[in-house]
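One structure below.
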Amino acid sequence: MYFLLILFFASLLGITFMIGRKLLMLQNGQILHKETFLKAPDLEEWKYVMIKNIKKYGYISLVVTIRFYVRSSNLLNSKYKEIKLGLQEKLKRNRGDQSKETKEVSKFLKMMSEYKHKIRKIKEKVKEEENL
């Protein structure tokens, strides 16, 4: 831990020494001669190239995402239908003769349907009397 702190402060002192020396040279009027090996394009060119690339790769990623979504949804739908048909066939085989028998409707559901029919008839009578 102490070793890392010593290295950090030593590098910090070195950086401040280098920057201070450059500032002193600049204040004294000494011109620094730079030798550039690579010519970097202007900031505007960088900006233009970056925006162009971002648009291009953004469009490509959007198209890939939409294609993946469509293909996966179609795959899931087809698999769902296959599984549904397979389960229905298995249920038909397992039931055998039981599926042919009609099950009796519960008394509660019968009463509810009768009640709905009665209400519907009453509504129709009221509409006839009101001439609506």
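Coordinate-derived values only; no laboratory data. None of these values were measured; they are calculated from a predicted model. Ideal geometry is used to build each Cβ from the backbone, glycine not excepted, and the neighbour counts take in all protein chains shown.
Observations, loosely collected:
- Selected from L12, L87, L109 as most flexible by GNM, with the chain as the system and alpha-carbon contacts under 10 Å: L12
- Under DSSP loop assignment and at most 13 Cβ neighbours within 10 Å, longest trypsin sites (Lys or Arg not before Pro)-free interval of the chain: 40-102
- For the chain, the longest piece that avoids every one of the GluC sites (Glu not before Pro) found in DSSP loops with at most 10 other C-beta atoms within 10 Å covers 36-100.
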